Amino acid sequence: MRVPNAAHALFLTSLLALSTTPAAAQTPAAQKVGLALSMQRAYDSVKANLTHAAGVMPDTEYGFKVVAVPEVRTFGQWLGHQTDNQLGTCAALKGVPNPSQGDPNERKWTTKAEFVKALTDAFTFCDSAVASLTDENALQLVKQGQGETARGGLVSALLSHALETNGILTIYLRAKGLAPAAPAGNAGRGASRGGQ
């Protein structure tokens, strides 16, 4: 995975936080929301969306593909791919070995229960890493592979990947007549096929 340089990552993350965090739009005008808090709110949003998608898709549809092409991932494989990405990125943020190194969840699991547990475990692993981000340490370099990347750049990459996965899973859900998570502040929206 190619990680953008720190300045590029922070710029993209700022745009991401402004465009994807409905809670930010509801923030009182007097409150100042820094980069770290914006990223943490975006993380909470994608966590809720991906967890919802994993829960609402029936077990019998975890092998579903939107097109019958061998290279296309199944719904379950997309969740496994997301967990692999989260574990690798958050391991770098924490400075610990990747818990799924050499054992990709994308191909390992077959049932909804296995994929949901893997996703839950990946979020649990990442929660403290994302929570520890501050405006001050966002530019701190951490080891990633053979090089170093800004901590905020890694969180930006984590969010970008999660948002991409969420968009793809939304297509899978819609193809099965299921609704993605309703945006925050829009209770009931998304409850039917016309919601999003």
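Taken together, the values in this text are just the output of simple stated rules run on the coordinates, not laboratory data. Quick caveat: nothing in here was measured; it's all calculated off a predicted structure. Every residue, glycine as well, gets a Cβ built from its backbone with ideal geometry; the counts of neighbours run over all protein chains shown.
Of note:
- Residues K176 and L141, FRET efficiency given R0 of 30 Å [Cβ-Cβ distance, rounded to 0.05]: 0.10
- For the residue pairs K108/K176; K65/K108; K32/K143; K47/K112; K65/K112, alpha carbon separations beyond 22 Å are given by K108/K176; K32/K143.
- Ordering of 35-42, 66-73 by burial proxy (mean other Cβ atoms within 10 Å per residue, highest first): 35-42, 66-73
- Packing-based order for 173-181, 45-53, 96-104, using average beta carbon neighbours within 10 Å, highest first: 45-53, 173-181, 96-104
- Using a Förster distance of 35 Å, the FRET efficiency for V66-T120 (Cβ separation, nearest 0.05): 0.90
- Extension gain from E148 to T51, taking 0.36 nm per residue of separation minus the Cα-Cα distance: 31.9 nm
- Sequence of F75, F123 once ranked by neighbouring C-beta atoms within 10 Å, starting from the fewest: F123, F75
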